[in-house]
Each structure stands twice: as structure tokens, then as C-alpha cells.
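Okay, so here's the structure we're looking at.
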Amino acid sequence: MSSIEDRIQSLGLYLPEETKVPAGVTIDFAWARVYGDRVFASGHGPQAPDGSVIGPFGRVGVEVTAEQAGEAAKLATLSVLASVRRALGGSLGRVEAVLRVEGFVLVGDGFEGSTTAVINGCSRLLLEVFGEEKGRHARTAMGIKATPLSCPVVIAAEFVVRPEEPEPV
């Protein structure tokens, strides 16, 4: 286990198992894709430790409070990190930097809150887990009308990673 996974565990948090896709949903994409020194993580919603998608579900400002959505952003970020970890062969130790986060907040009509405040749940977690140097990132926080499964928050991200160490000969 890398120090990143240790830090996550010491915070009382978890990296969920692989996403359990609900019946009738087809996934025709990678949850995380490594290309060169980058890992691109698809949009993730909040997950339970077993990989199932968890609520609350619905629009922020209607069925879901901004505080609940901030917690959902944190859980969705853990889902992203779990997929990145799997794509990297089981460890987040190769992550050199979090480059960019895209946060999408499912908002109700007339939402007057701050999507930025909601996505801070993601940003704060990344800074806490990776530290200032590796965790500081560029970010977008958008309010939108629809998300998969009515998740209140969806998080996507891009990371820089160290090359894989060659096998000793």
C-alpha cells in the first residue's frame, strides 16, 4: 500500500471496489485510461465500499442539500481514485500531480447556491490526500440539468504519473 492509500485509510475513508453497474446500464468506456504519463478518469459518482452507486440522489437545492452534495463530491473523488489505482496496477504511488478536475453538480431550477462550494468537497480531499504540491489542480464546477442515475455530483479528473518501473532482468 502506498502512502496515499495509507493517508486515505487514516482519514477513515475508503477506495471502493470496481463500480457495480445497475441492471440495464451498459458501459462502453474505460473508468480510467492511462496514456503515456497521464491518467484520464471518466466521470464518477459516489460509491459505497462494495462499488455500488449510493445516494442521496436528486437535484441540489431540491432533494439534496448543498452539504450532502459536498459529501457526495468527496465520495465521487474516492471513486475516481479507486479507478485510477486499478488502472495503475493497484497503487496510487505513481501519481505525481492532479492536473485538472471537472465537477458537475445536478441542480434544480432556480438553484442559487454555489457549485464551487459543492465541488470544494473534491478539491479539499485531493489536497488533504496528495498535499499541496501534488494535489493543487485546475478545476471546473458546473451546474447541469441531468447526470447518470441522478447522482447529485459527478467528478472527472486528469493526473500525471511516473512511468512504470521496468521489470528487473
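The values are calculated or read from the model by the stated rules, or taken from the named source; none is laboratory data. Predicted, not measured: the structure shown is a model, and the values here were computed from it. In this analysis, Cβ positions are derived from the backbone assuming ideal geometry, glycine residues included, and neighbour counts consider all displayed protein chains.
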#### Entry: Test: PHE29 is assigned to a loop (DSSP other than H, G, I, E, B) and in contact (Cβ under 8 Å) with a residue 12 or more places away in the chain
yes
### Odd one out for GLY103, checked against (1) surrounded by 15 or more Cβ atoms within 10 Å (Cβ to Cβ); (2) modelled with pLDDT under 95
(2)
### Summary
Being modelled with pLDDT of 95 or more, crowded, with 16+ Cβ neighbours inside 10 Å and within 23 Å of LEU15 (Cβ to Cβ) narrows GLU71, GLU96, GLU132, GLU128 down to just GLU71
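Please indicate, with yes or no, whether at least one residue in the stretch 46-57 is of a type in the set (Phe, Trp, Tyr), in contact (Cβ under 8 Å) with a residue 60 or more places away in the chain and under 22 Å from PHE159 (Cβ atoms). Steps first, please.
Quick first cut of the stretch 46-57, residues of a type in the set (Phe, Trp, Tyr) only: 57.
From what is left, the residues that are in contact (Cβ under 8 Å) with a residue 60 or more places away in the chain are 57.
The next check asks that each one be under 22 Å from PHE159 (Cβ atoms); those that pass are none.
The answer is no; no qualifying residue exists.
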### Selection within the stretch 78-110 - more than 13 Å from VAL153 (Cβ to Cβ) and over 15 Å from the mean Cα position of the chain (by Cα)
LEU88, GLY89, GLY90, SER91, GLY93, ARG94, GLU96, GLY108, ASP109, GLY110
### Odd one out for LEU149, checked against (1) crowded, with 19+ Cβ neighbours inside 10 Å; (2) in a helix (DSSP H, G or I)
(1)
